[in-house]
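Peer 1: Questions regarding the structure given below will be posed in turn.
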Amino acid sequence: MTDTILHLGQTIRFDGDALREGPDAARHERRGGIAVRDGRIVAAGPAETLRADHPGARVEDHGEGLILPGFVDAHAHYPQTGIIASWGKRLIDWLETYTFPEEMRFADPAHAADVAGRYLDLLIAHGTTSVCSFCTIHTASVEAFFAAAEARGMRVAAGKTCMDRNAPEGLRDTAQSAYDDSAALLARWHGRGRADYVITPRFSPTSTPEQLAAMGALWAENPGCLMQTHLSEQTDEIAWVKSLFPDARDYLDTYEAFGLLGARGLYGHAIHLEPRERDRLRETGAALIHCPTSNTFIGSGLFDLAGLAAEGQRIGLATDTGGGSSFSMLRTMAAAYEIGQLRGTPPHPAQLLWLATEGSARAMHMADRVGGLEPGREADFVVLDLASTPAIAQATARADDIWQALFPTIMLGDDRAVAGTWVMGKRLKG
């Protein structure tokens, strides 16, 4: 048996849903820790208790460092790693100018492998240990991503992006090839190690009704899989959808009509929702994925986090790289705060942290495995330095409680704030 290791420092754990309960759902241990053995958390609590219960354990004392679950990014496009922070486009122009030309390159397995490895290493550097990513239409892009994640031991979810219209030659498949390729990749990767396959129609404008129906059929045959797509990101996109699907009741109906609405569905952005869409998303238990840096960077709008949470929606948080302008979930939390301020409903730091960990894990139906520090979960965790730069340190020194101490790192922090990242108990950074 592998020896037990005690990681000691400050800890924050959640007893409930902080998005709805606020900081009352959180427990802060000024001197706490976790016990890790065989890649899992076997105990958590006060440092004194852990030392007494595990007298022979090796101890890694992180001092004032804050031990948290590894961040969980619920919506990303790893093939867009190279085009992050490209200037001056809204959604449709962004796709045509930057995304589609870049994704064409992923027909080359060597290029896909290079970007997949670089992307996952960037995540680890920023404290993200799990991600749900779109790939490209090329099976090589999916193989490369899962292989790179497997080599690092990461729990990830991903799928082949399916598009059979309104995309350039070389980035289109067909309804049948999308189904066949996705089914083969699913059979190869879903449930292998820490990999989950995700059925992935990009969004309604780039899939014919026939392809949407094929993806709906594949999901019905594999109901344990996630399904990811985009929904109501920009107003001109919604108008485009209405022109392509004149008989649809609304944007969501273009998925619902083809069997692509369900509890294991992840719908990126979901900014400009109509009342019927909100009702159906809540009724089915689908997940809405908030992508705040992307929503501001490409001018999409202001996600109604407080309103959607109040009506009982399932919500996750995501970078949406490369439309999102940062690989960091710290920066993503900061952007969510800023959007909340603009809407007059700024989220509490406890809510932001919950969204970036437990909330996203729940959205991805992985909260029994990642997103928390409870015994039994996989030992994916980070240690944050709450004084990683002079600017942050001077702000933290004035703090009266853990939330005031953490908030400067949320607002100003980057990869320097991540003192260490562990995946299945193995240190990958720090």
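The values are calculated or read from the model by the stated rules, or taken from the named source; none is laboratory data. What you see is a predicted model, and the numbers here were worked out from it, not measured in a lab. We place every Cβ from the backbone using ideal geometry, glycine too, and count neighbours over all the protein chains shown. Surface accessibility is based on the protein's heavy atoms, side chains included, excluding ligands, DNA and RNA. Shrake-Rupley method; radii C 1.70, N 1.55, O 1.52, S 1.80 Å.
Peer 1: Taking amide H positions as placed in the peptide plane 1.01 Å from N, state which residues far from L428 in sequence (5 or more) or on other chains have amide H under 5 Å from it.
Peer 2: T421, W422, V423
Peer 1: Okay, next question. Positive end of the charge dipole of the chain (Lys, Arg +1 and Asp, Glu -1 on Cβ, about the Cα centre): tell me which of A379, A350, L252 has its Cα farthest that way.
Peer 2: A379
Peer 1: For the pair T284 and A239, what calculated FRET efficiency results from E = 1/(1 + (r/R0)^6), where r is the Cβ-Cβ distance and R0 = 30 Å, to the nearest 0.05?
Peer 2: So, using R0 = 30 Å, E works out to roughly 0.75.
Peer 1: Mean residue ellipticity at 222 nm from the helices of the chain, using -39,500 (n - 2.57) per DSSP H segment of n ≥ 4 over the full residue count, to the nearest 500 deg cm²/dmol?
Peer 2: Helix contribution divided over all residues of the chain: -10000 deg cm²/dmol.
Peer 1: Can you give the FRET efficiency to the nearest 0.05 for R398 and R427, using r as the Cβ-Cβ distance and R₀ = 41 Å?
Peer 2: 0.85
Peer 1: Obtain the nm distance between the two label points defined at L302 and E169 by a simple spin-label model: each point lies 7 Å from its Cα along the Cα-to-C-beta direction.
Peer 2: Placing both labels 7 Å beyond Cα along the Cβ direction yields 4.6 nm.
Peer 1: A follow-up question, please. Can you list, largest first and rounded to whole Å, the semi-axes you get for segment 1-92 by taking the square root of 5 times each eigenvalue of its Cα gyration tensor?
Peer 2: Details: eigenvalues 253, 70, 29 Å².
They are 36, 19, 12 Å, listed from largest to smallest.
Peer 1: State, as an integer percentage, the relative contact order of the chain based on alpha-carbon contacts under 8 Å between residues 6 or more apart.
Peer 2: Reported as a whole number, the value is 20 percent.
Peer 1: Now for a different question. Just add up the charged neighbours of E29: K/R +1, D/E -1, any other residue whose Cβ is under 11 Å from the Cβ of E29.
Peer 2: Computed value for this residue: +3.
Peer 1: Under 14 Å from the Cβ of G316, count the other residues' Cβ atoms, weight Lys and Arg +1, Asp and Glu -1, and hand me the total.
Peer 2: Details: positive: R264, R314, R362; negative: D17, D73, D320, E358.
Combined, the nearby Lys, Arg, Asp and Glu give -1.
Peer 1: List every residue whose amide H lies under 5 Å from the amide H of I315, counting only residues 5 or more places away in sequence or on a different chain, with H placed 1.01 Å from N in the peptide plane.
Peer 2: Sorted by chain and number, the residues that satisfy this are L288.
Peer 1: OK, next. Can you run phi through the Karplus equation (6.51, -1.76, 1.60; θ = phi - 60°) for segment 422-430 and list ³J(HN,Hα) in whole Hz, with x for Gly and Pro?
Peer 2: Each residue of segment 422-430 in turn: 10, 10, 6, x, 9, 6, 10, 9, x Hz.
Peer 1: Would you pull out the residues with amide H under 5 Å of H75's amide H, same chain only if 5 or more places away, H placed 1.01 Å from N?
Peer 2: Close amide H contacts, sequence-distant or interchain: C132, T319, D320.
Peer 1: Ratio of the chain's C-alpha Rg to 2.2 N^0.38 Å, to two decimals?
Peer 2: Ratio of Cα Rg to 2.2 N^0.38 Å: 0.95.
Peer 1: Here's a follow-up. For D93 and E338, what does the FRET efficiency come to when R0 = 41 Å and r is the distance between their Cβ atoms, rounded to the nearest 0.05? Kindly include the intermediate steps, with their values, before the conclusion.
Peer 2: Details: r = 24 Å, r/R0 = 0.59.
About 0.95, to the nearest 0.05.
Peer 1: Can I ask one more? Give the carbon-plus-sulfur fraction of the accessible surface of the chain in %, rounded to a whole number; probe 1.4 Å, heavy atoms of protein chains only.
Peer 2: 51 percent
Peer 1: Evaluate the charge dipole of segment 360-430 about its Cα centre and quote only its size in Debye, nearest 20, assuming +1 on the Cβ of each Lys and Arg and -1 on the Cβ of each Asp and Glu.
Peer 2: So the dipole magnitude of segment 360-430 works out to roughly 200 debye.
Peer 1: Another question, then. Looking at the chain, which longest stretch skips every one of the GluC sites (Glu not before Pro) that is in a DSSP loop with at most 15 other Cβ atoms within 10 Å, leaving the sites themselves out?
Peer 2: Longest site-free region, per DSSP loop and neighbour criteria: 1-168.
Peer 1: Rolling a 1.4 Å sphere over the protein heavy atoms, what is the accessible area per residue of the chain, to the nearest Å²?
Peer 2: Working: 14890 Å² over 430 residues.
Per-residue value: 35 Å².
Peer 1: Take every DSSP beta bridge with both residues inside the chain and express the antiparallel ones as a percent of the total, to the nearest 5.
Peer 2: 45 percent
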